[in-house]
1. Here are some pairs, Lys43/Lys100; Lys2/Lys39; Lys51/Lys74; Lys8/Lys50; which of them have Cα atoms lying more than 20 Å apart in this structure?
2. Report the residues of region 1-39 in range of a label on Lys74: point 7 Å along Cα→C-beta, backbone N strictly under 16 Å from it.
3. Across region 94-111, in residue order, what do the Karplus-derived ³J(HN,Hα) couplings come to in whole Hz, using 6.51 cos²θ - 1.76 cosθ + 1.60 with θ = phi - 60° and x for Gly and Pro?
4. Based on Cα positions only, what radius of gyration and what Dmax would you give for region 17-123, in angstroms?
5. Please rank Leu12, Leu47, fewest neighbouring Cβ atoms within 10 Å first, as an exposure proxy.
6. Using the per-residue mean of other Cβ atoms lying within 10 Å as a proxy for protection, in what order, highest first, do the peptides 95-103, 70-78, 83-91 fall?
Amino acid sequence: MKAQAIAKLKRLRMSPRKVRLLVDQIRRQSVTSAQQALKGSTKDAALPVKKLLDSAVANAVHNHQMIADSLVVKEAYVDEGATLYRWMPRAFGRASKIRKRTSHITIVIEGDVPTATEKKVTEKKEEKKIESKKTNKADSKK
């Protein structure tokens with residue numbers, strides 16, 4: 001069964017036009033290849049986008065128990081946020097606007113959710129690990 005996980009970053013102090021260059025590269029890729037593409041990028045926007053992608057993966061694994069290897073970037077888009085206006089003095093007493101633009105980034109990843117039988121197998125493995133840790137602690141106290 002397929003499920004989705006979402007991560008959003010709001011008010012990033014970078015121009016949406018520059019961030020879109022990176023986001024367009026990772027759309028419809030597997031998460032591992034998207035992370036590699038962002039890691040190798042020289043753009044300044046690569047770090048916040050990579051952190052957001054990692055956050056989306058963590059949301060998928062923790063909240064929806066998705067399998068990390070099966071995740072794919074389904075949607076990724078950049079919207080324009082609020083613009084900060086500053087004034088720059090010019091000649092003859094005039095002033096011109098400086099627009100400091102912000103971005104809102106949204107990443108939606110999609111992946112497989114394990115079925116009930118797969119969940120039982122992983123739970124049994126975790127129980128065995130916990131039991132072995134408890135026995136090791138008891139042996140060390142003697």
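1. Lys2/Lys39
2. Answer for region 1-39: 1-8, 27-31.
3. Listing the rounded values in order: 8, 9, 10, 7, 10, 9, 9, 8, 10, 10, 10, 10, 10, 10, 10, 10, 10, x Hz.
4. Final numbers for Rg and Dmax: 19.6, 77 Å.
5. Arranged by neighbour count, lowest to highest, Leu12, Leu47 become Leu47, Leu12.
6. The most tightly packed comes first, giving 70-78, 95-103, 83-91.
Bear in mind that the values in this text are calculations on the coordinates, not laboratory data. A quick note: this is a predicted structure, and the numbers were derived from the prediction, not measured. Note: ideal-geometry Cβ built from the backbone for every residue, glycine included; neighbour counts use all protein chains shown.
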